[in-house]
Amino acid sequence: MPNYPESIITNMVPCVICEHLVSLNEATGGPSDVSDEPAYACTRHSKDIRLWILGWAAYRQKQEEVRLAAKFGAEFPHVTRDDLL
């Protein structure tokens, strides 16, 4: 991301797609249930932000599934995947 003076950065957020700084008044997005950080997009990428958020949600869900599978495997090492299907 380019270096900007601190006075400009306080009211601006980076676009998650192209990383250009966007004024909060012009940005699309905001706090999200699917990521720890708010996600904003510039006017050019305002439609893409929805796809980005959906992709992030799918990634987080998959990570949770992997974590639970590892936990289950540690607790029940004798049970195989075929036993569950």
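The values are calculated or read from the model by the stated rules, or taken from the named source; none is laboratory data. Model, not experiment: these values are computed from the prediction.
Points to keep in mind about this one:
- The set of residues in segment 21-37 that are modelled with pLDDT of 70 or more and of a type outside the set (D, E, K, R) comprises LEU21, VAL22, SER23, LEU24, ASN25, ALA27, THR28, GLY29.
- Within the set TYR40, TYR59, the sole residue that is modelled with pLDDT of 75 or more, at negative phi, part of a strand (DSSP E or B) and of a type in the set (Phe, Trp, Tyr) turns out to be TYR40.
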